[in-house]
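A.B. asks: Attaching a single structure in structure tokens format; questions to follow.
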Amino acid sequence: MRHFAIALFALAALTGGLMGCASLVKPAPPISANPPRVVQLSSRKTDEASFRSAAEPEANGDESCVDSLYVSCRRAWEQMLASPAGDAHTSRVLQRYNEQVAALLQSAQQFGRFDLARGLLIRSETGWLTVPVVARGFAQQASEFHRFRWPPLDREPLLTRRYGRAGAGVPLVLERRRNDADPSEVRFLPESSYFAATAVLTFADDDAVLELVNPLVENKIDLGTGPQPLAADLSAPLAVTLEEAPRTYLAGFVEPGGATSAAALTCVRPHQSGKVPLVLVHGLFSDPLSWADLINDLQAAPGFDQRFQVWVFRYPTGQGFLQSAAVLRRELAAAIDAFDSQRGDPALRQVVLIGHSMGGLVSKLQVTYSEELVWSRLADRPLHEIVTTEETRAVLAETCFFDPSPDVARVIFIASPHHGSLLSSGLIGQAAALLVEPSPAQASMHEQLIRDNPGTFNPLFERRFPTSIDMLSPKSPLLEAMHKMRIRSGVKLHNIIGVTHPVSLDGPSDGVVSVRSASHPDCRSVCPVSAPHAKAHRALETSAEILRILGCSNGQAGEVSTKELPDVPSEQAYPTRQETVRH
């Protein structure tokens, strides 16, 4: 146990601290020209508490309160129509309307009077009335959602900003369950997907409609008195996800062969044709939940949701990243085939990969040609001469011989150690590597290869299958092979580099990866951010740069950035990187 604690401490130091740390306090530029504002949880909590308590005096276990609240909603609606626009009284009437709609939904849900497919059931003087539910601005019908949930009140450590808007309507979270009869959904969707929505109850004569409006598509609504802001809690779906999803970063490092951390590509929401996939690849000792801040910032930016969809790749970070890259290559091909078997959707030919730390190396391996570069550094005999089973030979072939994905158009690196990290080869890295336990199948495969092929493999491979720590050493032959790999023509590269430590053993760095190591030739843009390594992908500066690259801000997609990086002493710089650091 003592050795385990020492190794765990070393791993935390190697990765720059645990991934769940709070984000930078330092202010950063806005993520778009007109973003939703960041809301304070304290004031939102007070408002929501009043929403939920509005029905309490009438409820007392009597479901007739549902009918009374429905009448109260209609009266508040009529008062809004009779109030002059912009009047202070109108604001108070709108607040009361919102409170009454929230209380109605709360009570109707409590007494089984509300169902997203069947509608809202009200008992009137003339009998039962069904108020239909209509989804507006969603690709799904209201009946495709399983239930609604209230936005969480607690502050999530991985969600350092909450985006919202005051206005008309009641912010909700819609939950959609995976369709287990659809093989593509079973493979690429989580059990539940969550969507921001705003509930608005409208009346016309004796009829009423409950609309669930998508606040990512519409930011204003007309309730009969002219357009006004639509209330929204855009961060609520991510907050629900963080409440429900377990973290897997420790299991993914310690037991890379375990089921809880098996590599998989997942769509955050159901696939939509015409939207470009943005694939997020996490780093060492991390998992997809670490992307919550970036996803939150991107989805709150006007126009992003209309053009892009977010996918995340989870992989066991303890195993060598060559294996993880092979799985991502396979998963990307399978997802595109499942969603577009006829290859008629041009958006799926423009996949964007964003990799943090080691995830940047996994991403780079999606756009490169391996040729003989990897295998020649592992063994001194051709693969077909290796004594092994055909199953093992196929695994080695998939891992060591590959061509770039034809569907990846852009790669964005964030604090990626293209030339390794000194921490990996030092005592800290060696201690962290002690945590990694190969699966029985991996151990058996390795034992057979070494036993039946004596003197064939590189000493690094003979000792064990290289772990991620082994491969991140600056002296790693596999990193050297990656330096020489050709990148597919037409792929656009971008670099975001953390700069918080002006002095280190390798020059300016983010505390883990130096500027020298993070630099990469032929990047169309290079952007330094004031963030330590573990938070570089969570900083608002990073989100702003990604939005600029994607063309979701005032800049144009892919334009060359000339932001200045700290000087790297010439004796430390690699010759091929001189064009990367632009002054």
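Read-outs throughout are calculated quantities, based only on the coordinates presented, and are distinct from any laboratory measurement. Keep in mind that this is a model prediction, so the values were computed, not measured. Heads up, the Cβs are rebuilt from the backbone with ideal geometry, glycines too, and the neighbour counts pull from every protein chain shown.
A.B. asks: Extending each Cα 7 Å along its Cβ direction at T130 and R92, get the distance between those two points in nm, one decimal.
C.D. replies: Result for the modelled spin labels: 4.0 nm.
A.B. asks: K220: which aspartates and glutamates have alpha carbons under 17 Å from its alpha carbon, excluding same-chain residues fewer than 8 sequence positions away?
C.D. replies: Result set, ordered by chain and number: E211, D233, D305.
A.B. asks: If packing is taken as the mean number of other Cβ atoms within 10 Å per residue, what is the order of 351-358, 204-211, 304-311, highest first?
C.D. replies: 351-358, 304-311, 204-211
A.B. asks: Can I ask one more? Less than 18 Å apart at the alpha-carbon level, and either on another chain or at least 8 residues along: which aspartates and glutamates does that give for K484?
C.D. replies: E371, E372, D403, D522, E579
A.B. asks: Once label points are set 7 Å from the Cα along Cα→Cβ at both S192 and A397, what is their separation, rounded to one decimal in nm?
C.D. replies: 4.4
A.B. asks: Which of the aspartates and glutamates could be linked to K475 by a straight reach, that is with a Cα gap under 16 Å, when you skip same-chain ones fewer than 8 residues away?
C.D. replies: Within reach: D506.
A.B. asks: Place the peptides 473-480, 406-413 in order of packing, highest mean first, counting for every residue the other Cβ atoms within 10 Å and averaging per peptide.
C.D. replies: 406-413, 473-480
A.B. asks: By average Cβ neighbour count within 10 Å, what is the ranking of 97-109, 380-392 from highest down?
C.D. replies: Most protected by this proxy first, the peptides run 97-109, 380-392.
A.B. asks: Which of S184, S273, S286 comes first, and how do the rest follow, when ranked by fewest Cβ neighbours within 10 Å?
C.D. replies: Numbers: S184 17, S273 13, S286 28.
By the 10 Å Cβ count, ascending: S273, S184, S286.
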